[in-house]
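Novice: Handing you this structure, nothing more for now.
The values are calculated or read from the model by the stated rules, or taken from the named source; none is laboratory data. Note that the structure is a prediction, hence the values are computed from the model and not measured. In this analysis, Cβ positions are derived from the backbone assuming ideal geometry, glycine residues included, and neighbour counts consider all displayed protein chains. Quick note on the areas: whole protein, heavy atoms, side chains included, nothing else; ligands and nucleic acids left out. Shrake-Rupley method; radii C 1.70, N 1.55, O 1.52, S 1.80 Å.
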Amino acid sequence: MKKLLPLIIALMSFSCSFDEPYLPAWNTQVTVHFNPYTVEAADLVTSSYLADTLLSGATDTVFFFSVEDSTGPQGIDPAELAFKPEDKSIVETVGLIELDAPAPVSTDTVTLADLFPDLNISAGAVLPPLPQTTLSPPDEVVSFDEFVSITVDSAEMYLVFDNKLILSVEAGMEIILFDEARINDPDSGLIGTILFTDPIPAGGSGTSEKLALNDVTLHNSFRLRYRIPIAAVDTATTLTQEDVDSYFLTTVHMGAMRVSSAEAEIPAQSVTREDVTALDTEDKSLTLARIDKGALYIDINNHLNVGADFDIVLLNLVDENDQPRHIPLAVNENQTSNTSIDLSGLSLRNHARPGDPVTDIAYRLEAVTRASNGAVRISSTDSIEVSVRMDSVYIGYFEGDVGTVELTIDPIEQNDVLDGADIDGSFSFPDVRLVFDFYNEINFPISTSLKISGYVRDAAGGQITDSVTVNVQKTIAAGQSGQPVKTTLVLDANSSAPSIVDLMSIFPTDIVVSGKSVVSGSGSVAADDVIRAKYRIESPLTLQIDQPIRFESSRGEITESDLDADTRGRITRDVSALNMALNIENGWPVGADVTFYLAADSAALFDSTIIDPRQKLIIPLKINAGSVDGDGYVTEETVSSVPVSLDSTQLKIFNNIPLYYGFVTSIAATPQKVTLRKHDALSVDGSIKVKVKVDPNEK
């Protein structure tokens, strides 16, 4: 064996090899964003291309301005959507108590010797012939274990007579029942007489008529007093031992009982009651609400000698699954429970008639008393007292009629509006416009009254020397929660008296906007829904562009930190995707040509004579004008997103670092006049997204 070991080791050495582990390749992505580039109409107007056009032949100074500001968000005060339900107290008495039928109880056996104490009743003795006779044997007493005493509202009882005697019983037997605990009362505690209408033969059994028990107090021990009509026996009988041992017994049966009070073993009792607590919604009519904040307080006083389990169901307060809120509570005998319930997130609606207004908080009280462990005292007047209290309920979402809610718009003020303290001469602004954009998230139409006041203040003392106020009335369209609906109001020289033209003609130093909004009618609102307003006072400029205009952006730079050497190398070798996108928004009333340049040489960035794609990329784009209204004002920007594809030769430009980029915007001469506002703008941005394959197994 020792000689084979070296050979085995050698064979293992030649037959096994160890490879380096293989790691899977993956893709990685790098994104480079271009600096955004914006050209406003103000830049256009002040460019050297338009200077001669604007000023040639002008008798007054050209004044091109825009004043703008915005109000803060205005929402409905949460207190306007807060309701205070009335407190409610319920006293629920037990009422008649249902007791199960107690187990039947039987008397002791009564023998022949008990019936005939004066006769020799023994085996071998002779029982003489007997005439028909009525016997009254000693009374028998039975006791029930299930109760001590009861006051019966309604119940029935009957007797079963088991006749194991050698004698027959004729029809008409009576057994008189007495309450043993009241045997010394004047009526001896009489309960009633029970009649057996049928004869009972020897060895047979008979059932009595039922005895109705109403409005009677009973204790658990009954005395039975017999009047037994024995049938005649015509012949003498020699008694056997079996005859001597013959007997009868009586079994007392009681059915289920309804009692007004008892000291007894009490089975579980159930109590159900529905009630409401009024909801004060003032002048509002609520059809659906989601509670943002609020609490319900339930106080239970259990005056019973047994514990009880409660399920309080808030019938019109439902969870996200539209299920009413259940509040399970357990209260021991003669104990008090105080519970607070957070109502946040529950919805309030009319459970009986969905869609109708909610006028109250509806609930159902279900109480089940626990079965007693032994006899306890309980009465129909014993009670369970339930008190329901609620905080003010703050609503996070409201549907219905909100009545009338007034929103005060916080004043906004602009100072040094025109920076015009040193302006001399006479000016007029016949085309000046006041534009309000209202953004409404509240799903109610809103009536808004605004006051725009312009003031001229003395530069030295700050005294007001002139003023003009323009009043604005507008009904704002209902909005959508979280998705504001825009309503635009445009005022010009013909919209009011005085007008915005009159206001601006005094060259105001200060402008103050104030007012109020009134929410009314039917709709919906969430607690965080707001209305905002933006306003612009603008003096547009109408002109004809009679020669092409060109704007060059400042240059941007892509550096090593944006694209490292390894990533650039993989762009031309392992690129799995390269996406370049240019995004343009044109808010001008004229179209434009936008050209994107990407170059290795910053000095020649905008030099169109260099066409080597490895050194420069030139991407021309034609952009349409923005949408205009009948007066020539841009109402909506034209939005374009242009994807750019590069071929393998163009990708080689990324071998250079740094790279420089920029935009050139060109506007052709216009055949007719166009109307520009100061902040009409063309904006361009973009990005390059490079996804390359990374293979760690490459050598």
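Novice: Which strands (runs of 3 or more DSSP E) sit wholly inside the stretch 95-199 and have at least 3 residues that are touching a Phe, Trp or Tyr at 6+ places or on another chain (Cβ under 9 Å)?
Specialist: Details: elements: 97-99, 133-135, 140-143, 147-163, 173-179, 190-196.
Of the strands (runs of 3 or more DSSP E) lying wholly inside the stretch 95-199, those with at least 3 residues that are touching a Phe, Trp or Tyr at 6+ places or on another chain (Cβ under 9 Å) span 140-143, 147-163, 173-179, 190-196.
Novice: Can you run down the residue pairs with Cβ atoms below 9 Å, 6 or more apart or on separate chains, where the first is in the stretch 464-486 and touching a residue at least 60 places away in the same chain (Cβ under 8 Å) and the partner is of a type in the set (D, E, K, R) and open to solvent by less than 60 Å² (accessible area, probe 1.4 Å)?
Specialist: Every condition considered, the pairs that remain are Ser481/Glu441; Ser481/Asp529.
Novice: Of the conditions (1) surrounded by 15 or more Cβ atoms within 10 Å (Cβ to Cβ); (2) under 19 Å from Thr238 (Cβ atoms), Asn120 clears all except one; give me its number.
Specialist: Unmet for Asn120, out of (1) surrounded by 15 or more Cβ atoms within 10 Å (Cβ to Cβ); (2) under 19 Å from Thr238 (Cβ atoms): (1).
Novice: Any idea which residue in the stretch 449-494 is surrounded by the most Cβ atoms within 10 Å (Cβ to Cβ), counting only those that are within 20 Å of Glu413 (Cβ to Cβ) and among the small types (Gly, Ala, Ser)?
Specialist: Step by step, filter the stretch 449-494, then rank; the result is Gly454.
Novice: Also: Return the pair list, or none, for Cβ contacts closer than 6 Å from residues in the stretch 341-369 that are closer than 23 Å to Ser383 by Cβ to residues that are open to solvent by 50 Å² or more (accessible area, probe 1.4 Å) and of a type in the set (Asp, Glu), at least 6 apart or on different chains.
Specialist: Qualifying pairs under 6 Å: Arg364/Glu274; Val368/Asp309.
Novice: Continuing with this model, one more query. Enumerate the pairs (first residue in the stretch 132-149 and more than 16 Å from Phe248 (Cβ to Cβ); second residue anywhere and open to solvent by less than 40 Å² (accessible area, probe 1.4 Å) and in a loop (DSSP other than H, G, I, E, B)) with beta-carbon separation below 6 Å, excluding pairs fewer than 6 apart on the same chain, so at least 6 apart or on different chains.
Specialist: Short answer, once both residue conditions are applied: Phe144/Pro102; Glu146/Pro102.
Novice: I'd like to check something: does the stretch 569-576 contain any residue that is crowded, with 18+ Cβ neighbours inside 10 Å, assigned to a helix (DSSP H, G or I) and not basic (Lys, Arg)?
Specialist: Within the stretch 569-576 (the criterion being crowded, with 18+ Cβ neighbours inside 10 Å, assigned to a helix (DSSP H, G or I) and not basic (Lys, Arg)), the answer is yes, since at least one residue qualifies.
Novice: Could you grab me the full set of residues in the stretch 374-398 that are under 30 Å from Glu98 (Cβ atoms), of a type outside the set (Lys, Arg) and either assigned to a strand (DSSP E or B) or open to solvent by less than 20 Å² (accessible area, probe 1.4 Å) (or both)?
Specialist: Ala375, Val376, Ile378, Ser379, Ser383, Ile384, Glu385, Val386, Ser387, Val388, listed by residue number.
Novice: If you scan the stretch 584-625, which residues turn out to be of a type outside the set (A, V, I, L, M), open to solvent by less than 10 Å² (accessible area, probe 1.4 Å) and part of a loop (DSSP other than H, G, I, E, B)?
Specialist: Selection gives Gly587, Trp588.
Novice: Being more than 30 Å from Ile506 (Cβ to Cβ), outside any loop (DSSP other than H, G, I, E, B), of a type in the set (A, V, I, L, M) and out of contact with any Pro (no Cβ under 9 Å at 6 or more places or on another chain) is the filter here; which residues of the stretch 528-564 pass it?
Specialist: Within the stretch 528-564, Ile549 is the sole residue that qualifies.
Novice: Filter the stretch 313-368 for residues that are at pLDDT 90 or above and among the hydroxyl-bearing types (Ser, Thr, Tyr); which is surrounded by the most Cβ atoms within 10 Å (Cβ to Cβ)?
Specialist: Restricting to residues being at pLDDT 90 or above and among the hydroxyl-bearing types (Ser, Thr, Tyr), the top hit is Ser347.
Novice: When you check Val690 against the structure, is it among the β-branched types (Val, Ile, Thr), surrounded by fewer than 17 Cβ atoms within 10 Å (Cβ to Cβ) and modelled with pLDDT under 80, yes or no? If you could, list the steps in order and put the result at the bottom.
Specialist: Values: among the β-branched types (Val, Ile, Thr): yes; surrounded by fewer than 17 Cβ atoms within 10 Å (Cβ to Cβ): no; modelled with pLDDT under 80: yes.
Criteria not met by Val690.
Novice: Being open to solvent by 10 Å² or more (accessible area, probe 1.4 Å), touching a residue at least 60 places away in the same chain (Cβ under 8 Å) and among the polar types (S, T, N, Q) is the filter here, so list the residues in the stretch 649-682 that pass it.
Specialist: Asn655, Ser666, Thr670, Gln672, Thr675
Novice: Let me ask something additional. How many residues, within the stretch 74-92, are under 17 Å from Arg290 (Cβ atoms), of a type in the set (A, V, I, L, M) and part of a strand (DSSP E or B)?
Specialist: 1
Novice: Let me ask something else about it. Val94: closer than 22 Å to Glu242 by Cβ and either touching a residue at least 40 places away in the same chain (Cβ under 8 Å) or of a type outside the set (Ser, Thr, Tyr) (or both), yes or no? Quick ask: steps written out before the conclusion?
Specialist: Details: closer than 22 Å to Glu242 by Cβ: no; either touching a residue at least 40 places away in the same chain (Cβ under 8 Å) or of a type outside the set (Ser, Thr, Tyr) (or both): yes.
So Val94 fails the test.
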